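Data block below; observations after.
The values are calculated or read from the model by the stated rules, or taken from the named source; none is laboratory data. Predicted, not measured: the structure shown is a model, and the values here were computed from it. Cβ sites come from the backbone with ideal geometry, for glycine too, and all protein chains shown count toward neighbours. Just so you know, the surface numbers come from the protein's heavy atoms only, side chains and all, with ligands and any DNA or RNA stripped out. Shrake-Rupley method; radii C 1.70, N 1.55, O 1.52, S 1.80 Å.
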There are 2 protein chains.
Amino acid sequence: MPQGVPAVVPDDGLTTRQRRNSALLAVHTGDGKGKSTAAFGMAMRAWNAGLDIGVFQFVKNAKWKVGEETAMTALGELHDRTGQGGPVQWHKMGSGWSWIRHGDAETDHAAQAREGWTEIARRLREETHDFYVLDEFTYPLGWGWIELDEVLDALAERPGKQHVVITGRRAPEGLVAAADLVTDMTKTKHPMDAGRKGQKGIEW
Amino acid sequence: MPQGVPAVVPDDGLTTRQRRNSALLAVHTGDGKGKSTAAFGMAMRAWNAGLDIGVFQFVKNAKWKVGEETAMTALGELHDRTGQGGPVQWHKMGSGWSWIRHGDAETDHAAQAREGWTEIARRLREETHDFYVLDEFTYPLGWGWIELDEVLDALAERPGKQHVVITGRRAPEGLVAAADLVTDMTKTKHPMDAGRKGQKGIEW
């Protein structure tokens, strides 16, 4: 466990406090479990610190995340009712993004993914949230639906202190290079290998 | 993302449903971030499925997990008040286990760790919880404070359907062999390497 002692003190002209409080870009990648789960665990921690949370799920079928969505939404409602923690918004591509009134399930997935990214880029410019989860965002990047350079620019130029966590397999090199924290989740052993199927409360 | 299609169908005489519903032993190990965070993310999902959650933290100083503790406890209180989700208990070794009235910070850490394990073994026998997080449990195992064989026996013999997630670096081989799901979190890049210290909402 890190005990708060940095390995090196960089010569960047910043105070320890400035460095500590700078915005984090984290990437959870690899073929193992826990990429999204760890991102939502981080969101839970950010909620407790009173940060404004925005989750954006870049998957057509979101059934595997319903547990996290319900729990995080419950925490957001707790904030709205009692002031504890921070507010939570959860948006998913599956049924058309929730900010788009004319959500049309027949829309082209690539176009939906781009719409999602355009909205996120707008929110980053306007500092809408403090903590963003871009779940499974590496896939539309890998498929060329969203331009990596555009994403890297928007992340590099994001004002204030907005933390961003991006999950998904095969994170592009440029994204890994830009990130402050990259964790590779490696599958050592998985029950699906032994012929088990997913179960409620564990897999979704 | 696993889509529920097992790689092989084992010849173990169980139906798919029986296999799906069997209890899971998961281990999150490796030197990277996200071991505990992913475990608490899983607990959030289990909470949503109405499972009874028991978290046991095997660390003397628990400051790094206060965000998860507060959020999970808030979800547990939500359950107690409204019936949504499942109940949550969060126990930590740091201040003497919460089920011990005479919590004495001066007690030997090894003895405290053993007391913790003894209680968990009792709960497993009595099917007290549905979903256990044994956070940083690999350390007292590695230090020889708790007998690995005793743990493996108790896990193998646990009745009913009790899921157990164990976190920490250097998981012992025997534990890895016994587990259904092992994920190795590998550090690719970490902000502490660049001289940053932890910050509220992100690191704790």
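Below, the figures for the structure above:
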item	result
All positions within the stretch A:164-184 that are under 17 Å from residue A:37 (Cα atoms) and within 10 Å of another protein chain (Cβ to nearest Cβ)	A:165, A:168, A:169, A:171, A:181, A:182, A:183, A:184
Filtered residue count, the stretch A:113-147, keeping only those that are of a type in the set (Val, Ile, Thr) and either touching a Pro at 6+ places or on another chain (Cβ under 8 Å) or open to solvent by less than 20 Å² (accessible area, probe 1.4 Å) (or both)	4
Residue match in the stretch B:20-27 (condition: assigned to a helix (DSSP H, G or I), open to solvent by 10 Å² or more (accessible area, probe 1.4 Å) and modelled with pLDDT under 90)	yes
Candidate set: the stretch A:158-170, residues that are in contact with a helix residue (DSSP H, G or I) (Cβ under 8 Å, 6 or more places away or on another chain) and more than 21 Å from residue A:68 (Cα to Cα); chosen: the one least open to solvent (accessible area, probe 1.4 Å)	A:162
Of all residues making up the stretch A:86-112, the number that are open to solvent by 20 Å² or more (accessible area, probe 1.4 Å), at pLDDT 75 or above and farther than 15 Å from residue A:57 by Cβ	3
Selection within the stretch B:58-82 - modelled with pLDDT of 90 or more, in a helix (DSSP H, G or I) and more than 7 Å from chain A (Cβ to nearest Cβ)	B:69, B:72, B:73, B:76, B:77, B:79, B:80, B:81, B:82
Enumeration of residues in the stretch B:31-57 that are open to solvent by 10 Å² or more (accessible area, probe 1.4 Å) and not in a helix (DSSP H, G or I)	B:31, B:33, B:34, B:49, B:50, B:51, B:52
Qualifying helices (runs of 4 or more DSSP H) (wholly inside the stretch A:115-182; at least 2 residues being at pLDDT below 95 and over 24 Å from residue A:41 (Cβ atoms))	A:173-178
Close pairs (6 angstrom Cβ cut-off, 6 or more residues apart or separate chains): under 16 Å from residue A:91 (Cα atoms) in the stretch A:26-55, open to solvent by 10 Å² or more (accessible area, probe 1.4 Å) and part of a strand (DSSP E or B) anywhere	A:53/A:88; A:54/A:89; A:55/A:90
